[in-house]
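Shown next, in structure tokens, is the structure this report addresses.
The values are calculated or read from the model by the stated rules, or taken from the named source; none is laboratory data. Note that the coordinates shown come from a computational prediction; the quantities given were computed from them, not determined experimentally. Here Cβ is always computed from backbone atoms with ideal geometry, including for glycine, and neighbour counts include all displayed protein chains. The protein model used for the area step is the full one, side chains on, heavy atoms only, and it has no ligands, DNA or RNA in it. Shrake-Rupley method; radii C 1.70, N 1.55, O 1.52, S 1.80 Å.
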Amino acid sequence: MQIIVLTGMSGAGKSSAGQALEDFGYYKVDNMPVSMLKHFAALCKNSELGNKDIVYTVDIRSEGDFSTLLSVIEEIKAEYDCVFRIIFMDAADEVIIKRYKESRHIHPYVISDGIPLAEALVRERAVLSVIRESANDVIDTTNLRKSQMRDILSDILDNEKPSKFTVTFMTFGFKYGAPSDADLVFDVRCFANPHYIPELRPLTGLDKEIRDFVLADEKACEFIDKLDDMLSFMIPLYIDEGKAHLTVAVGCTGGHHRSVTIAYELCKRFENKIKDVRTVLCHRDIDK
């Protein structure tokens, strides 16, 4: 079992690094006190988590425990068959300050002690200095994009990056509400509706008869072509940004006919269109 202790300056990218490690297959635990690390290692060894690699995120909210982190790690290594790695995330103060302003988050020391952000960063660096010096790896994200940080983590851990960027084509019915977890939402209620043809009403876009009806509309076919072109342009941009998954939601009135047909056609087009991209087709409301 490998345990990665992921720590570093607030605003330096620990959350993004933790998400990348989850995408690599690691089991992530956020912001538990250092004092609980030994208990957690014991729990892992005596459960199915013992077969997983673990990411244990530690930040300055565990300030009182930082002085014991290195000794706790040595105790665990002596008692259990664990491999530890400390990864420290860092960035220039001016960049961290800019990120705080953009995110509107508040530094923990600003909240607890009422001090300016610049002063809080000086204090945080002092608290973390021993851990930084002992880290196996220090990643400076000052000038890094998320995708570059993921590549660095992959190289550090000698781990394969996620093999596929996943595009999920989701269908839904607007009468049941738009999906909250979609990245892109498209409304196809403007196209001819098979619902008003009695013999087609019981069928869905999974049936050839419905697909033939919807695709007989030249405007629907033109829409699919335009959406194909747009997604072909955007997906590589999302990949370069470091995103691992994109959900494209296509909605009609009930989520049975037009949305299913159009999402089906798009999913089929993108199955092998872009290297290292896989597609998933799901229908939220097709059985309602």
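Suppose we filter region 8-44 for residues that are polar (S, T, N, Q) and farther than 19 Å from SER147 by Cα; how many remain? Number satisfying all stated conditions: 3.
Taking region 120-150 as the range and being exposed (fewer than 15 other Cβ atoms within 10 Å of the Cβ) and assigned to a strand (DSSP E or B) as the test, only VAL138 passes.
Number of residues in region 258-288 that are in contact with a Phe, Trp or Tyr (Cβ under 8 Å, 6 or more places away or on another chain), at pLDDT 90 or above and part of a loop (DSSP other than H, G, I, E, B): the value is 1.
Would a scan of region 198-217 turn up a residue that is in contact with an Asp or Glu (Cβ under 7 Å, 6 or more places away or on another chain) and open to solvent by 70 Å² or more (accessible area, probe 1.4 Å)? No; the residues of region 198-217 include none that is in contact with an Asp or Glu (Cβ under 7 Å, 6 or more places away or on another chain) and open to solvent by 70 Å² or more (accessible area, probe 1.4 Å). The set of residues in region 230-263 being without any contact (Cβ under 8 Å) to a residue 60 or more places away in the chain and closer than 28 Å to ASP23 by Cβ consists of MET230, SER232, PHE233, MET234, PRO236, LEU237.
Close Cβ contacts (under 7 Å, 6 or more residues apart or on different chains) running from residues in region 106-117 that are without any contact (Cβ under 8 Å) to a residue 60 or more places away in the chain to residues that are β-branched (Val, Ile, Thr) and part of a helix (DSSP H, G or I) comprise LEU117/ILE97; LEU117/VAL110.
Quick one: would you say THR7 is of a type outside the set (Lys, Arg), surrounded by 14 or more Cβ atoms within 10 Å (Cβ to Cβ) and part of a helix (DSSP H, G or I)? No; evaluated as a whole, the condition is false for this residue.
Under the condition of being open to solvent by less than 40 Å² (accessible area, probe 1.4 Å) and within 16 Å of LEU184 (Cα to Cα), the residues counted in region 271-280 number 1. Look at (1) modelled with pLDDT under 95; (2) open to solvent by 70 Å² or more (accessible area, probe 1.4 Å); (3) within 23 Å of GLU271 (Cβ to Cβ); (4) assigned to a helix (DSSP H, G or I) and you find that ASP155 fails only one, number (3). Residues that are under 30 Å from LYS146 (Cα atoms) and either in contact (Cβ under 8 Å) with a residue 24 or more places away in the chain or not in a loop (DSSP other than H, G, I, E, B) (or both) do occur in region 172-179.
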